[in-house]
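Below is one structure, written out as structure tokens; the observations come after it.
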Amino acid sequence: MFIGHAAVALASKPLAPRVNVALPLAAAFWLDLVWPVLLVLGIERAEIAPGDTAFTPLHFAHYPWSHSLAAALVWSALFGMACLRRYGRRAALLMGALVLSHWLLDAISHRPDLPLWPGGARLVGLGLWNSVPATLAVEGAMFAAGVWLYVRAAPARDRTGALAFWGLIALLVAAYLGNVFGPPPPGMPAVAAAGLLGSAIILALAAWADRHRGAPNK
Ligand SMILES: [Zn+2]
């Protein structure tokens, strides 16, 4: 999933109104932020294989440290603990839950390629990505609901808040549609670089927009 992860982060705004939304976004995308780093380091492997599922040309060959259920639980606990002192217990639990939500949403969308633990032979995935229309319908509905909940919880305080936020939404949608309908990427280094650079831009834009919306950030 891609904008489905952004959707749950945006939807969490009413639960932690004073936490800048860049943090829940980082939590919801955390496993995908770790993944390109591990790809570059050669610890995890993926290939370009158009048709692996209808939705993505990526074949996730080996990614136990970013995308096994056991690893997701550990990342979730670490992320939550890192948030504890600054944001308090409630927000820390929420951020931990968002990290874990990534694995659950991936388990719905990927074909069976997600391990339960590193080295485990059993791979899971319900395969929503086998259907492009079903994926667009599910993720599109989630994203619309997430945007609506966020906008209701954090109305723009000024023009910057409105422009930066809708710029963020337009960027997410454009990146998503580019992934679906654009040509397959030229190679895995490009995928890793685009993932890291794209995430940095999205998080920076979200942090900027959020400072101009809703309650002042902690
Ligand atoms: Zn993922």
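Points to keep in mind about this one:
- Within the stretch 139-173, being aliphatic (A, V, I, L, M), surrounded by 19 or more Cβ atoms within 10 Å (Cβ to Cβ) and touching a strand residue (DSSP E or B) at 6+ places or on another chain (Cβ under 6 Å) holds for one residue alone: 154.
- Selection count where residues are more than 15 Å from residue 204 (Cα to Cα), away from the ligand (no atom under 16 Å from the Cβ) and part of a helix (DSSP H, G or I), scope the stretch 15-32: 1
- Lone unmet requirement of (1) open to solvent by 20 Å² or more (accessible area, probe 1.4 Å); (2) closer than 23 Å to residue 189 by Cβ; (3) under 19 Å from the mean Cα position of the chain (by Cα); (4) of a type in the set (A, V, I, L, M, F, W, C) for residue 46: (1)
- Across the stretch 53-72, the qualifying residues are those that are surrounded by fewer than 20 Cβ atoms within 10 Å (Cβ to Cβ) and closer than 12 Å to residue 184 by Cβ, and the one among them that is nearest to the ligand (Cβ to nearest atom) is 59.
For (1) open to solvent by 60 Å² or more (accessible area, probe 1.4 Å); (2) touching a residue at least 40 places away in the same chain (Cβ under 8 Å), each residue gets a yes or a no:
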residue: 176; (1), (2): no, yes
residue: 183; (1), (2): yes, no
residue: 187; (1), (2): no, yes
residue: 191; (1), (2): no, yes
residue: 197; (1), (2): yes, no
residue: 212; (1), (2): no, yes
residue: 216; (1), (2): yes, yes
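- The lone exception for residue 122 - which of (1) among the charged types (D, E, K, R); (2) touching a residue at least 24 places away in the same chain (Cβ under 8 Å); (3) surrounded by fewer than 19 Cβ atoms within 10 Å (Cβ to Cβ) it fails: (2)
- Among the residues of the stretch 99-152, those that are within 16 Å of residue 21 (Cα to Cα), more than 13 Å from the ligand (Cβ to nearest atom) and in contact with a Ser or Thr (Cβ under 9 Å, 6 or more places away or on another chain) comprise 146, 149, 150.
The values are calculated or read from the model by the stated rules, or taken from the named source; none is laboratory data. It should be emphasised that the depicted structure is a prediction, and the values quoted were computed from it without experimental measurement. Glycine gets a Cβ as well: all are built from the backbone with ideal geometry, and neighbour counts include every protein chain shown. Accessible surface is based on the protein model in full, side chains and every heavy atom, while ligands, DNA and RNA are left aside. Shrake-Rupley method; radii C 1.70, N 1.55, O 1.52, S 1.80 Å.
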